[in-house]
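All of the numbers you see were taken from the coordinates with simple rules; none came from a lab. Keep in mind the model is a prediction, meaning the values are calculated, not measured. Quick reminder, even Gly has a Cβ in these numbers, built from the backbone with ideal geometry, and neighbours come from all protein chains shown.
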Amino acid sequence: MKDDRYFLKVITYNIHSGKNLSNLPQLNDIIEFFKNEHAHVIGVQEINENNQRGNQVSQIENALKMNSAFAPNVKIGNGYYGVSTFTSFKILKVHYLPLPSQKEQRGLIHTVLKIGNKKLNVLNTHLGLSVDERNKQFKIIEKYLNSLHSPSILMGDFNTTTPKFNSLTMMDTAIQMEKSFLPTFIPSEKRIDYTFTSKPIKILHYSVIPVKMSDHYPVMVDILL
């Protein structure tokens, strides 16, 4: 009998525009980290594709030989700053969803991936700094997620230790694996980076990698689709 299950390694990482806590360039080290981990899906926040801070999306895409989708949240120079998803799988569809924002424009990038005979929704975002702003963003994301039919992953930097979803049925992978005590944001040593998965997805492993190439740690999840 054919086994149509697929093992996936997923990473979410706020790369702080490719700089560490001392604002020293780390993009090359971040790329090497991604190369060594051989992840199938990588969600990156605080990434640039512009002439002022560098064409980081293109650099990572070319170095990893992966497909990518980019959410152009903030105009900078001749390009943008936002979030990007990289994957070794074929991208069937890309949808950019701007989110209600107070100061810095926030957004979500939704990619539909073809994995064997299955489809997987991957949603990657970076939410606002104020509670009011985030509450509006959570409502929109929740409504959008509830309209999707295929298995889904939601990941990103939520800028809060208490995500405010009301009826979302997706699972917080850190809680499921009893690892919610692990911090993801270095300055506060709190968990503000998340990966949620829908019920058809089995969570195998969750880890926070203690590398200091940004002001965040990368979060890694192994799943079975």
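Overall, the chain carries a charge dipole of about 620 debye about its Cα centre when +1 sits on the Cβ of Lys and Arg and -1 on the Cβ of Asp and Glu, all other atoms neutral. For the chain, with a Gaussian network of springs between Cα atoms less than 10 Å apart, report the residue from 70, 158, 33 with the top mean-square fluctuation. Per the Cα network of the chain with a 10 Å cutoff, 33 tops the list.
If you look at the Cα atoms of region 7-224, you get an Rg and a Dmax of 15.8, 45 Å. Each part reduced to its alpha carbon centroid, region 8-22 and region 158-204 end up 16 Å apart.
Distance cut-off 21 Å, Cα to Cα: go down the list 118/199; 118/164; 9/118; 75/143; 35/119 and report the pairs above it.
118/164; 75/143; 35/119
Going toward the positive end of the dipole of region 99-201, with +1 on Lys and Arg Cβ and -1 on Asp and Glu Cβ, which of 126, 116, 200 do you reach last? In region 99-201, that residue is 116.
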